[in-house]
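Below: the structure, in structure tokens.
The values are calculated or read from the model by the stated rules, or taken from the named source; none is laboratory data. Only a predicted model underlies this, so the values are computations on that prediction, with no experimental measurement involved. Every residue, glycine as well, gets a Cβ built from its backbone with ideal geometry; the counts of neighbours run over all protein chains shown.
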Amino acid sequence: MLKKFFLVSCLIIGVLFSSCITNKDVVYLQDKGTMVNDSLQIQTLVKPYRVQINDLLSINVKALDKELVEIFNPTTNEVGTSQQELYYTGFPVDLHGNIEFPILGQINVLGFTIEEIEERVKELLLQKYFKETAQIFVIVKLAGLRYTVTGELGGAGVYTLFQDRVNIIEALANAGDISNTGDRTDIVILRQYPDGQKIHHIDLTDIAALKSPYYYVQPNDIIMVKPLRRKAIGFGETAAQTLTTIVSVFSVLVSTYFLTRNL
């Protein structure tokens with residue numbers, strides 16, 4: 001009986017010790033032998049973003065004579081324009097992929113890149129409103145890169161970054177970073193496409209993630225961080241926490257053994 005008791009105790013203690021969170025669980029972009037070339041020479045190939053429904057565009061028309069283009073520019077406060085202002089003055093892409101632009105009316109932008117939209121708006125303005133001598137040019141930008149994060153991280157919520165490119169590590173860091181109990185090996189990304197939404201996965205502990213098409217965040221991405229299994233079971237995050245759990249479990253086992261022995 002005593003032998004069986006100690007065997008069971010050793011088994012439980014062994015499982016608890018093996019359940020500590022290690023460096024491999026929390027360190028980003030480790031060399032796991034998945035890269036054929038030198039990891040320092042990795043080149044990330046980023047495809048141009050193509051506009052989707054619910055995107056918000058900031059469009060500014062410029063010319064030598066500013067008065068000529070005032071009607072096309074809903075705000076002149078270009079520097080420091082808040083997201084709230086852009087909500088009212090920007091150009092939202094509706095469910096049909098159109099924006100409503102002054103004078104020109106509806107323009108379909110679904111699936112176009114930012115550069116293609118600039119050319120399209122400029123071409124339409126020259127056809128219907130301006131002459132070549134006006135020397136106009138058009139600047140189009142996404143009105144902030146908006147994304148959502150949820151799960152095991154410092155601050156779940158909806159965030160907006162005013163950058164052209166944001167990688168997933170930057171996006172997570174902006175949200176307080178993944179906690180020690182978050183599973184970095186299987187980050188789930190819910191991404192929007194013209195034909196619907198798709199679910200993707202990326203392992204951020206592997207340096208091969210740099211070559212993933214999901215390494216860079218796209219507008220309206222939903223990033224989900226799952227908990228490690230050991231958290232669900234209730235094991236400690238650190239060796240000290242695990243040791244405390246071991247002592248508690250061992251005390252209960254010893255007490256149970258002597259109580260049953262005296263019966």
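Quick one: which residue in Asn98, Asn108 is at pLDDT 90 or above, surrounded by fewer than 17 Cβ atoms within 10 Å (Cβ to Cβ), more than 25 Å from the chain's Cα centre (by Cα) and outside the structural domain of Leu210 (by TED's automatic domain parsing)? Working first, answer last.
Numbers: Asn98 fails: surrounded by fewer than 17 Cβ atoms within 10 Å (Cβ to Cβ).
Testing whether each residue is at pLDDT 90 or above, surrounded by fewer than 17 Cβ atoms within 10 Å (Cβ to Cβ), more than 25 Å from the chain's Cα centre (by Cα) and outside the structural domain of Leu210 (by TED's automatic domain parsing) leaves just Asn108.
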Has region 204-217 got at least one residue that is out of contact with any Lys or Arg (no Cβ under 9 Å at 6 or more places or on another chain), modelled with pLDDT of 90 or more and not in a helix (DSSP H, G or I)? yes
Can you pull out every residue in region 161-185 that is surrounded by fewer than 19 Cβ atoms within 10 Å (Cβ to Cβ), among the charged types (D, E, K, R) and within 13 Å of the chain's Cα centre (by Cα)? Arg165, Glu170, Asp177
